[in-house]
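The values are calculated or read from the model by the stated rules, or taken from the named source; none is laboratory data. Just so it is clear, the model here is predicted, and its values are computed rather than measured. Note that we place each Cβ from the backbone using ideal geometry, even for glycine, and neighbour counts take in every protein chain shown.
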Amino acid sequence: MHLSRIILAMAIISSACVTIANDAAVEKYRNYTPQQLADLPEKERSSSVPMMYSFAARNGLSKGADLLFAMQLNTLMYAGVSDYEGAVKSFQKDLGDKATGVLTVWQIYNLEKRSDFQKLSRVSFPSDYSSRKTDSYATVSGTMMIHDERIAWPVNHVQLKCYKADKYCELNQLYLVFPKDDSWSQTFNVMQDTPQYYDITNWSDDIVDAVPSDPGSGCRVTALNLNFKTKEFYQITRNGTGECETMGVTFPKLEKPRIAQIVDGEEIINKEFGDLRQKAFSFLSSAFRAKVEKLEAESK
């Protein structure tokens with residue numbers, strides 16, 4: 001199995017364990033105000049309080065905190081400057097919390113996250129789709145997707161180049177990581193995967209087949225099948241006969257072959273950014289959203 005995939009799987013498992021361990025602490029301290037958190041014994045604050053709450057408390061106790069929060073409330077279409085207390089209460093209601101007018105560390109964390117989310121906009125990312133094959137060279141570029149399941153990074157761009165004389169193909173992948181709900185900052189990250197190399201097993205008029213140059217543990221077997229006549233470019237992964245435990249991580253058997261395909265990614269990428277806009281909209285004041293939705297309904 002490719003090293004980057006192993007690292008990803010280990011990171012996911014590790015993250016899940018940390019999340020489970022922190023859930024109790026997140027729930028325990030969520031209704032504390034910044035001052036109540038500051039009044040805790042230093043040992044408890046440093047060892048038990050989630051870091052996101054420590055940062056929220058620090059911001060809540062800083063000079064000019066009300067102005068900062070008012071600005072963030074305004075970003076979310078609450079009347080943060082003209083009616084700060086009313087805006088806080090409306091925000092608390094939208095979170096499903098009791099409207100006290102005093103922000104807790106959980107609410108400050110969400111306020112900062114939601115206001116930062118509004119700053120995200122569509123970024124330019126390659127979506128070109130092309131293929132070409134000659135007697136000695138073949139290339140495919142586009143977006144990698146997986147049939148019947150969601151790929152880890154839907155907004156991606158792959159470039160595959162194959163060389164007949166040298167009997168190998170090189171696959172490079174660039175992908176855009178969207179911020180998650182538990183991300184420290186609401187920003188995009190552009191990542192590049194380690195190049196993957198494949199040995200060519202068949203080169204005919206319209207077809208190129210290849211298998212990994214380094215099969216790894218043999219837990220799973222991957223093959224490339226490229227048809228330049230039908231414009232179908234597949235990466236097919238099946239269960240292998242090798243060891244499926246690596247560095248303490250056991251990979252489950254695939255229930256069926258995993259079929260990835262290089263396609264024109266324009267629609268996929270548009271959907272991901274559309275979903276992002278919808279999520280940002282859902283973070284806005286419910287009163288503001290109601291007015292927008294009413295206007296849209298009347299315009300139909």
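So in region 243-300, with the set limited to residues that are aliphatic (A, V, I, L, M) and in a loop (DSSP other than H, G, I, E, B), which one is nearest to L95 (Cα to Cα)?
Here is the first cut: in region 243-300, the residues aliphatic (A, V, I, L, M) are 247, 249, 254, 259-260, 262-263, 268-269, 276, 280, 284, 287, 290, 292, 295, 297.
This time we only want the ones that are in a loop (DSSP other than H, G, I, E, B), so: 247, 254, 284.
Details: M247: 41, L254: 40, L284: 11 Å.
Here the residue is L284.
Which condition number does I269 fail, the rest of (1) within 25 Å of the chain's Cα centre (by Cα); (2) at positive phi; (3) not small (G, A, S) being met?
Looking at each condition in turn, I269 falls short on (2).
Restricting region 156-167 to residues that are without any contact (Cβ under 8 Å) to a residue 60 or more places away in the chain and closer than 16 Å to Y234 by Cα, which is surrounded by the fewest Cβ atoms within 10 Å (Cβ to Cβ)? Talk me through it step by step, then tell me what you get.
Filtering region 156-167 down to residues without any contact (Cβ under 8 Å) to a residue 60 or more places away in the chain leaves 159, 161, 163-167.
Then drop every residue that is not closer than 16 Å to Y234 by Cα, which leaves 159, 161.
Working: Q159: 18, K161: 14.
In this case the residue turns out to be K161.
Name, by its number, the condition in (1) buried (at least 18 other Cβ atoms within 10 Å of the Cβ); (2) over 14 Å from Y163 (Cα atoms) that does not hold for L226.
(2)
Tell me, yes or no, whether region 99-108 has at least one residue that is touching a helix residue (DSSP H, G or I) at 6+ places or on another chain (Cβ under 8 Å) and closer than 30 Å to V158 by Cα.
The answer is no; no qualifying residue exists.
Can you spot a residue in region 157-177 that is out of contact with any Lys or Arg (no Cβ under 8 Å at 6 or more places or on another chain), within 30 Å of M52 (Cα to Cα) and assigned to a loop (DSSP other than H, G, I, E, B)?
no
Take the residues in region 112-141 that are part of a strand (DSSP E or B) and aliphatic (A, V, I, L, M), then tell me which one is farthest from R277 (Cα to Cα). Give the steps one after another, and end with the answer.
We begin by selecting, within region 112-141, every residue part of a strand (DSSP E or B); these are 130-133, 137-141.
Filter once more, keeping what is aliphatic (A, V, I, L, M): 138, 140.
Numbers: A138: 38, V140: 31 Å.
Per the criteria, the residue is A138.
Scan (1) assigned to a helix (DSSP H, G or I); (2) closer than 25 Å to L276 by Cα for the single condition D97 breaks and write down its number.
All conditions pass for D97, except number (1).
Which one of these does G80 not meet: (1) closer than 26 Å to D23 by Cα; (2) crowded, with 18+ Cβ neighbours inside 10 Å?
That leaves (1) as the condition not met.
May I ask you to list the residues in region 212-233 that are acidic (D, E) and at pLDDT 90 or above?
If we filter region 212-233 for residues that are acidic (D, E), which is where we start, we get 214, 232.
Of everything in region 212-233, just one residue is acidic (D, E) and at pLDDT 90 or above, namely E232.
Looking for something outside the structural domain of I200 (by TED's automatic domain parsing), touching a residue at least 60 places away in the same chain (Cβ under 8 Å), within 25 Å of the chain's Cα centre (by Cα) and crowded, with 18+ Cβ neighbours inside 10 Å - is there at least one such residue anywhere in region 97-104? I'd like the intermediate steps shown before the answer.
Within region 97-104, the subset outside the structural domain of I200 (by TED's automatic domain parsing) is 97-104.
Going one step further and asking which of them are touching a residue at least 60 places away in the same chain (Cβ under 8 Å), we end up with 102-104.
Now restrict to residues that are within 25 Å of the chain's Cα centre (by Cα): none.
Checked against the condition, which is being outside the structural domain of I200 (by TED's automatic domain parsing), touching a residue at least 60 places away in the same chain (Cβ under 8 Å), within 25 Å of the chain's Cα centre (by Cα) and crowded, with 18+ Cβ neighbours inside 10 Å, region 97-104 yields no hits at all.
Scan region 72-87 for residues that are over 11 Å from S285 (Cα atoms) and part of a helix (DSSP H, G or I) and jot them down.
Passing the criteria: Q72, Y84, E85, G86.
Out of all the residues in region 201-211, is one or more on the phi < 0 side of the Ramachandran plot, small (G, A, S) and either outside the structural domain of E255 (by TED's automatic domain parsing) or part of a strand (DSSP E or B) (or both)? Full working, then the answer.
Going residue by residue through region 201-211, those that are on the phi < 0 side of the Ramachandran plot are 201-211.
Add one more test, that the residue is small (G, A, S), and what stays is 204, 210.
Narrowing the set further to residues that are either outside the structural domain of E255 (by TED's automatic domain parsing) or part of a strand (DSSP E or B) (or both) leaves 210.
Yes - at least one qualifying residue is present in region 201-211.
Is at least one residue of region 171-192 surrounded by fewer than 13 Cβ atoms within 10 Å (Cβ to Cβ), modelled with pLDDT of 95 or more and not aromatic (F, W, Y)?
Taking every residue of region 171-192 in turn, none turns out to be surrounded by fewer than 13 Cβ atoms within 10 Å (Cβ to Cβ), modelled with pLDDT of 95 or more and not aromatic (F, W, Y).
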